[in-house]
Structure formats: structure tokens, C-alpha cells
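Below is one structure, written out as C-alpha cells; comments come after it.
The values are calculated or read from the model by the stated rules, or taken from the named source; none is laboratory data. All values derive from a computational prediction rather than experimental measurement. For neighbour counting, all protein chains shown are included, and Cβ atoms are generated from backbone atoms with ideal geometry for every residue, glycine included.
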Amino acid sequence: MTATYTLPEIEPLAAWLRAALQHAIDHKTKPPGSLGQLEALALQLGMIQQTERPTVRRPVMIVFAADHGIAAEGVSPYPQSVTAQMVANFLAGGAAINAFSRVSDCVLEIVDAGVATPLPESDRLISLPVAPGTANFAQRPAMRHDDALTALEAGAARVRHHAALGTNVIGFGEMGIANTSSAACVMSRLLGLPIDACVGRGTGLDDAGLAHKRAVLARALEQHPDAIAPLDVLATFGGFEIAMMAGAYLEAARARMTILVDGFIATAALLVADALVPAVRDYCVFSHASNEAGHRRMLEHFGAHPLLELDLRLGEGTGAALALPLVRAAAAFVAEMASFESAGVDNRDA
């Protein structure tokens, strides 16, 4: 059966509302610009939601998990079995993303996008495996073109599910041993950068391990010189969780959601989505600057000003979850702060 996926049409932001929103922000009881990045964030929220009083409704974090055949090349210090073990930890509530989602008061969903090892049954797990992990892209493409389309549609479907429940702020995380290798190759090919500028230590490689990883990925890129178009890059080097995130980004933007972008791997998925429909980036809030090599170059590509710099390199959507309270704060000051006029406070020009 041939997979079907149609790229969504994404509306441009409500530029017609910019002046009114900026006026409302500037006339709150504070010096203009004194709330820094929160003011730019509030402006973006209002333009996404097409209102002068943006809100945060039923925020969601979706963590997509999948395995990668490239792990067989020894590019990670952890065995592939850790992917399934960490998914079990998510389901049991014991991971960092569980703690941070509780602190940030958001719904957490775990999706099996293609984990190689059988997972425990749980009503907290959304099981949508495309296949039990990708192929080793050092030898052949990671997935078939149809599998990439299937994964894009599956990610979009999860966003549609939450949109129907009222969600207007959403973030995406991932779990998959060796997925920094996949993300690095996607980044290298889509941004036209040498692989050494994209590869980092991942889950903690030593110097010898890092050199080996760079060599493996350089050979893999040479193996697939014709993978240039975004969907070809995704199918050749991507992972099922990366493909699902890409589809989820595009659908979230189509639904006019505010999107919290996590770290290195999540931003690599956004590179794919952005290459397919560039309007997606206007709906994205970049939550943090990862400590993983290459992430800052991605942020520069997007002209992004991340909200946090905490030297995170965990993944799981942890940075996105930590940034959610700042999104709440940006919406709250627009909705709840008095204006100079309503508070009876003299403005500086009085």
C-alpha cells in the first residue's frame, strides 16, 4: 500500500494585528521593553492566536521514540536496548521529562514511532511503530520513502488529536539511541555544512568515540550523494521519531498552535519541516540552546533567540517543558497587567 501525506497549507502570522499588540504591550505599567524577550514572545503568541489577549490552553508535550540502525556502527556509548528501557521509564513516570512536565503542568504523551525492542503494555503509550527501527544508513537508506510519509502523517495525526481537545501550545521531544547521528547527517545535508561542524558527543562519547562517530557519518554521507531534497534526506538519514516530529511541526503550525522547539534532534526535525513549508518557523518558540555541538548553528540558521541557556543536552523535550512557564508568563502579563491608563499611573510622556 502506498502511503499518503499531503503537505499542509500554513497561514502567515497575523501581521495586521502587530501594531495593536505592540501598543498594548508598550502601554502596560512598565518601561517599554523592560520585560525583554517576554515582550517579543507575547507579540508572537498574539499574532499566532490572532488576539490581543493570548492564552495557554491544555499544553502538551509529545515524546516520540524510535531506534536507529546506525547504532550498529558503535556511534553511541549506550546499547540500543536503552531506547526501550527509557520508554518504560517514561511510562513509569521516572524520567526527567516526567518531572519537568509535572512542574510545568502539561500533558505528557509517549509515542512508539519504531522501537526495536518490545515495550511494556501501557494505556499511557501511543503505539504507532512504522517498523522496528530504521536500517543502518551507513549501508543503505534508513527508511523507504513511503515509510517517511507514513511517519509524517502519524505525527500530524497526534497533533490533530490534541487540537480537537483544545490544545494551543505544544512541544515535541524524542528518545532513540544514536539519534544524534541521524540528526547530524540531516543537518549537514540540509544546511550544506561539513559533518564535523554538526557532530557532537551525544550521550557522552570520549575523544576516540567522537572521532569514530565523525568518520562513520562522513562515510555515510558519501554513500548517499543524491539525497538532497528534504524528503530524500529524511528517508535516507532520518529516524521514525524525527519524521513524526517533522509532521507534527507542520500540523501544529497549520492549526495555529505555538510550538516549543527543544534541542538538537528536535531542531533537526524542524529543519526538515522548514525545508518543506518554511512558514512553519513563524510558529516556533526556541526553548533553549543545547550544549550539543551543532545546535547553535541551527539556531543561527533560524535567526532564533532561545529563551534559556542551561547547557542541557538530554533531549526528551526537557528544554521545551522548562520553557513552558515562560510562555505562560508572556501570555499572563498581556492579559493581567494594567495599562498606565487603567491603573491611573502617569506614563513617562505625561
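The table that follows gives values for the structure above.
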{"read-out": "Yes/no for E174 being under 24 Å from V285 (Cα atoms), surrounded by fewer than 24 Cβ atoms within 10 Å (Cβ to Cβ) and assigned by TED's automatic domain parsing to the domain that holds H295", "value": "no"}
{"read-out": "Check on I62, crowded, with 17+ Cβ neighbours inside 10 Å, in contact with a Pro (Cβ under 8 Å, 6 or more places away or on another chain) and over 19 Å from G133 (Cβ atoms)", "value": "no"}
{"read-out": "Set V169, V186, V199: member being surrounded by 17 or more Cβ atoms within 10 Å (Cβ to Cβ), within 23 Å of the chain's Cα centre (by Cα) and modelled with pLDDT under 95", "value": "V199"}
{"read-out": "Which numbered condition F286 misses (of (1) closer than 23 Å to V130 by Cβ; (2) free of Cβ contacts under 8 Å to residues at least 60 places away in the same chain)", "value": "(1)"}
{"read-out": "Any hit, region 142-150, residues being surrounded by 24 or more Cβ atoms within 10 Å (Cβ to Cβ), under 16 Å from the mean Cα position of the chain (by Cα) and hydrophobic (A, V, I, L, M, F, W, C)", "value": "no"}
{"read-out": "Candidates V107, V111, V130, filtered to the one that is surrounded by fewer than 17 Cβ atoms within 10 Å (Cβ to Cβ), touching a residue at least 24 places away in the same chain (Cβ under 8 Å) and in the same structural domain as V169 (by TED's automatic domain parsing)", "value": "V107"}
{"read-out": "Boolean, L324 is over 26 Å from R256 (Cβ atoms) and surrounded by 22 or more Cβ atoms within 10 Å (Cβ to Cβ)", "value": "no"}
{"read-out": "Cβ-Cβ under 7 Å pairs, at least 6 apart or on other chains, region 209-233 side assigned by TED's automatic domain parsing to the domain that holds A142, far side outside any helix (DSSP H, G or I) and among the aromatic types (F, W, Y)", "value": "A220/F137"}
{"read-out": "Selection within region 74-114 - more than 27 Å from D207 (Cβ to Cβ), in contact with a Leu (Cβ under 7 Å, 6 or more places away or on another chain) and not small (G, A, S)", "value": "V87, L91, I97, N98, F100, C106, I110, V111, D112"}
{"read-out": "Exclusive hit being farther than 15 Å from A72 by Cα, of a type outside the set (G, A, S) and over 19 Å from the mean Cα position of the chain (by Cα), set P118, P132", "value": "P118"}
{"read-out": "Helices (runs of 4 or more DSSP H) within region 236-350 that include 1 or more residues at pLDDT below 95 and touching a His at 6+ places or on another chain (Cβ under 9 Å)", "value": "340-343"}
{"read-out": "Region 149-196, residues that are assigned to a strand (DSSP E or B) and free of Cβ contacts under 8 Å to residues at least 12 places away in the same chain", "value": "none"}
{"read-out": "Total residues in region 2-52, condition assigned to a loop (DSSP other than H, G, I, E, B) and aromatic (F, W, Y)", "value": "1"}
{"read-out": "Options M47, M61, M86; residue that is touching a Ser or Thr at 6+ places or on another chain (Cβ under 7 Å) and of a type outside the set (K, R)", "value": "M61"}
{"read-out": "Criterion (under 22 Å from L324 (Cβ atoms), out of contact with any Ser or Thr (no Cβ under 9 Å at 6 or more places or on another chain) and among the acidic types (D, E)) met by exactly one of E39, E11", "value": "E39"}
